[in-house]
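One structure is given here, and the rest of the page talks about it.
Quick note: the coordinates plus some simple rules give every number you see, no bench work behind them. Since the model is a prediction, treat every value here as computed from it, not as a measurement. Cβ coordinates were reconstructed from backbone atoms using ideal geometry, including for glycine residues, and neighbour counts include every protein chain displayed.
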Amino acid sequence: MNASMNSLPTSLRTASLGFTLIELMVTIAVLAIIAGIAAPNISTQLANQRVKSTAATLANALKEAKVESVIRRQPLTISFDNTNKVINIQHIVSGTVDSTVESYRYDAKSTIKSDRSSNEFKPNKVAEVTTYTICDSNSAASPIKILVSATAVISNRSEGTCP
């Protein structure tokens, strides 16, 4: 290989040793354009994933409250706190918290909105009709609604609006 390289003129031997500065700058510019186009889509996907995760956490907490109230034969209340980003399942006696059955944490960028601050599940599989809307700090994210029916059926839909 060296013998064939020695037979080439000096200008051709040095031309094949690397990239020019212009070639590197063009490559970096193209990569920057591609990254600039992809970044907003990735941000929206991450926000949608946070909403889905928080919705799944809330739905699991609601289902656990429903089942635990039947098992314990006691009414249980589920409430959420957007300041501390926590969902609590509690046993309440005479208007005061008797014990906390379970606590769930959800993403700091997610927000739960509802028409009521708490929901009570009774041992006879009855609950208060409630609608929860899960939103994200990124307004491009699609909100999810979780509905609790009077017969404690829990369902979710990808709909709703976030302020």
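Odds and ends about this structure:
- Taking Thr77, Thr151 and counting other C-beta atoms within 10 Å, the order from fewest to most: Thr151, Thr77
- Between Thr130, Ser103, Ala152, the Cα set farthest toward the positive side of the dipole of the chain (charges on each charged residue's Cβ, about the Cα centre) is that of Ala152.
- Part-to-part distance (alpha-carbon centres) for region 29-75 and region 88-129, which is given in Å: 19
- Region 11-157, relative contact order [Cα under 8 Å, separation at least 6], %: 22
- Modelled label positions at Thr20 and Lys109, each set 7 Å beyond Cα in the direction of Cβ, lie 4.3 nm from each other.
- For region 11-157, a simple Cβ point-charge model (Lys and Arg +1, Asp and Glu -1, everything else neutral) yields a dipole of about 260 debye relative to the Cα centre.
- If you run the Gaussian network model on the chain, springs between alpha carbon atoms under 10 Å, then out of Ala59, Ala35, Ala140 the most flexible one is Ala35.
- With R₀ fixed at 45 Å, the C-beta to C-beta distance from Val97 to Leu46 puts the FRET efficiency at about 0.80.
- Separation in nanometres of the label points that stand 7 Å from Cα toward Cβ, at Ala32 and Ala150: 6.3
- Prolate/oblate/rounded label for region 33-119 (Cα gyration tensor, a/c 1.5): prolate
- Of the GluC sites (Glu not before Pro) in region 67-163, those whose Cβ has at most 10 other Cβ within 10 Å and which sit in DSSP loop: Glu159
- Each principal axis of the Cα cloud of the chain was taken in turn, and the coordinate range along them, longest first, works out to 97, 33, 25 Å.
- Think of region 11-157 as having a plus end and a minus end, set by charges on the Cβ of Lys, Arg, Asp and Glu; of Ala32, Val70, Asn84, Val70 sits farthest toward the positive end of this dipole.
- Members of Lys113/Lys145; Lys63/Lys125; Lys85/Lys122; Lys66/Lys145; Lys63/Lys113 lying beyond 21 Å, as alpha-carbon distances in this model show: Lys85/Lys122
- Angle between the chain longest axis and helix 21-72 axis [Cα atoms, degrees, rounded to 10]: 20
- In region 20-79, the trypsin sites (Lys or Arg not before Pro) that fall in loop regions by DSSP, at most 13 other Cβ within 10 Å: Arg73
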